[in-house]
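The values are calculated or read from the model by the stated rules, or taken from the named source; none is laboratory data. Please read all numbers here as calculations on a predicted model, not as lab measurements. All Cβ positions, glycine included, derive from the backbone under ideal geometry; neighbour counts span all protein chains shown. The accessibility values were calculated without ligands, DNA or RNA, using every heavy atom of the protein model including side chains. Shrake-Rupley method; radii C 1.70, N 1.55, O 1.52, S 1.80 Å.
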Amino acid sequence: MKCTKILFLFGVVLLHYSCFLQSAISSSTSNFTDQSALLAIQSKLSFDPTNIVLGGNWTTKTSFCNWVGVFCSKRRQRVTALKLSYMALQGTISPHIGNLSFLVSLHLQNNSFFGPLPNEISRLHRLRSLLLHNNQLQGSIPPTLYHCQKLEVLVLEVNRLTGPIPRELGFLPRLRRLYLGLNNFTVGTIPSSFGNISTLEELNLQESSLTGSFSSALLNLTSLEMISLPKNSISGSLPVDLCHFWPNIQSISFSFNKFSGKIPSRIGQCSKLEILSLSYNSFVGSIPEEVWSLQHLQILYLGGNKLTGTISPSIGNMSNLKSFAVGRNNIEGNIPGNLGHLSNLAFLGLAFNSLTGPIPQVIFNISSLEGLEMQSNALSGEFPSSAVFLPNLTSLLFHTNQITGPIPTYFSNFTKLTELDADNNLLYGPIPMNLGSLKHLQFLNLARNQLTGEPGFDELRFLSSLFNSSSLEYIILYENPLNGIIPDSIGNFSQSLQVIYTPACQIRGHIPKSIGSLRSLTFLYLAYNNLSGKIPSSIRGLESLQDCIFKTIVLKGSFQMSFVT
């Protein structure tokens, strides 16, 4: 009896040992498969600037689970993630990638991988996240990718992929994010099968050579939160009840297409909307009143269409609005004073419309403003007389209007200003000396006004004040009655100065020799003034100069004919 029990116990121990040994052998074989796959991936790399993968710890002397970018499961020590993004790697993706059978995440974005996308990726049945964007991958997307049935995130944008967008991607039942934009796909339509992906939350097909009308299949994507289709050739009108099908939508980007018709009148039902970008299409009619009820909206781009009507005062209720652009339409009426309620507004684009009346003073109370574009309208009146401080303003454009009065001295408070364009208005009086305190100013255009130099001084002293604008590249002042002399100190201008354009400004006296110190100058236009004397020979040293024009001025010297055109 004792012998029987001993034999039984021995048998049990032997069975357990046998199972353990088999498991160990199987694990060892699997681990060898993963290691071999990783070494094959390494062998396809041609450049590794950090020397981490090609010359670092990717060596058989250490466990591959300790290699940079490799992540393993704790129990089986199988590779579950390969993350080599932002490493400037070059090479192709080895077909052996398909042997990493436990892989859940493959992240190789922001490198320089080229060549085809291996079909073998389709063997990764556990794969959930595939990020290969910002590379140079070529060829077509393997239709067999739909075999990765657990895939949730597929990002292939910004590559050189060609061929049609595979309809088979519409059969990925768990897909939440699909980014395919900025590739070289052949002209085609959005596959109707995409309407099957009921889990899809984000769809980006930017610049994907898409044509045809808006696909009604997209209305089946009831989980959709973001859709981005800009820079395609999609035409037709948008469904009136678009928002009924997309109750969770937060971002709609359809700019630079061929959409027509009216903006959906029930757009207000997209109550979670934060971004609405419909610019540069052919939308007509007025801006629907429901747009102004979108309380979460942060970005509203409607420019470059054929919209008419006015801007509703209700815009003042959009407290989260950060950017509003409605330029290049046929919008009429006044600029609503309620815009002043938008304390988060960073950009206001109203250019190239038919707006009239004064610029509301309250706009200059929006301290968050970074860009204010009002050019090519019929705005009138003067700027506010009381001091204004816009600490974040970088761009102030209001050319081709009927704005009158002097240039406010408080413009010098816009300390971040890089661009000031006041061309073709009715401004008068001396150009403020304190514009020179704008140290970041790059572009200054005050042309076609009635601006003058400082009273009581022959020299155009405001030019001397601009020496402090160390980033200044363009000075455009033509057709102003400046009636003064170019200061000898003009050579002190920043070496960044490229253009001086001052014809028909009643400038008199001689051209200072110091102008030859402006080494970056490419264009000098002083025609139709009252200059006299010789053209300074120092101009010969301006090696970057492409055009130098002194028409109809009284100048002497043999050097003259080299520049008169």
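State whether the stretch 32-168 is rounded, prolate or oblate according to the following rule on the C-alpha gyration tensor (a ≥ b ≥ c being the square roots of its eigenvalues): a/c under 1.5 gives rounded; otherwise a/b larger than b/c gives prolate, and the remaining case gives oblate. Cα axes put the stretch 32-168 in the oblate bin. In this label model, ARG519 and GLN506 are separated by 3.8 nm, measuring between points 7 Å along each Cα→Cβ vector.
Among the DSSP beta bridges whose two residues both lie in the chain, what percent are antiparallel, rounded to the nearest 5? Approximately 5 percent, going by the DSSP bridge assignments.
In a Debye calculation with equal point scatterers on the alpha-carbon sites of the stretch 317-364 and no solvent, what is log10 I(q)/I(0) at q = 0.13, 0.28 Å⁻¹? Those come out to -0.28, -1.18, one per q. Under a 5 Å amide H cut-off, with hydrogens placed 1.01 Å from N, GLY405 pairs with TYR428 among residues at least 5 apart or on other chains. If only the Cβ of Lys and Arg carry +1 and only the Cβ of Asp and Glu carry -1, the dipole of the chain around its Cα centre is close to 2320 debye. Taking only the Cα atoms of the chain, the radius of gyration and Dmax are 33.1, 132 Å.
Holding the Cα-Cα limit at 28 Å, pick out from LYS231/LYS416; LYS61/LYS83; LYS231/LYS272 the pairs that are longer than that. Among LYS231/LYS416; LYS61/LYS83; LYS231/LYS272, the Cα-Cα distance tops 28 Å for LYS231/LYS416.
Applying 1/(1 + (r/R0)^6) with R0 = 60 Å to the Cβ-Cβ distance of THR50 and SER314 gives a FRET efficiency near 0.65. The Cα-based radius of gyration and maximum Cα-Cα distance (Dmax) for the stretch 483-525 are 10.3, 27 Å.
The modelled label-to-label distance between SER85 and SER470, using points 7 Å beyond Cα along the C-beta direction, is 3.8 nm. Between SER63 and SER293, the distance separating the two model label sites (each 7 Å from Cα on the Cα→Cβ line) works out to 6.1 nm. Cα-based values for the stretch 176-295, radius of gyration first and Dmax second, are 13.4, 40 Å. Label zone of THR404 (point 7 Å out along Cα→Cβ, amide N under 11 Å): in the stretch 351-388 this covers 380-382.
Please calculate how many Å² of accessible area the stretch 55-192 carries per residue, with a 1.4 Å probe and no DNA, RNA or ligand atoms counted. Spell out each step's value before the answer.
Values: 5910 Å² over 138 residues.
On a per-residue basis, 43 Å².
When DSSP assigns beta bridges and you keep just the ones with both residues in the stretch 62-162, what percent turn out antiparallel, to the nearest 5? The answer is about 15 percent antiparallel.
Residue order by solvent-accessible surface for VAL104, VAL70 is VAL104, VAL70, largest first, with ligands and nucleic acids left out and a 1.4 Å probe.
Measure off, as a whole percent, the carbon and sulfur share of the 1.4 Å-probe accessible area of the chain, all protein chains present. Each step should come with its number before you reach the end.
Values: 12900 of 24750 Å².
Taking all protein chains in place, the chain shows 52 percent carbon and sulfur surface.
Each peptide in 353-365, 148-160 was scored by the mean count of other Cβ atoms within 10 Å over its residues; highest first, the order is 148-160, 353-365.
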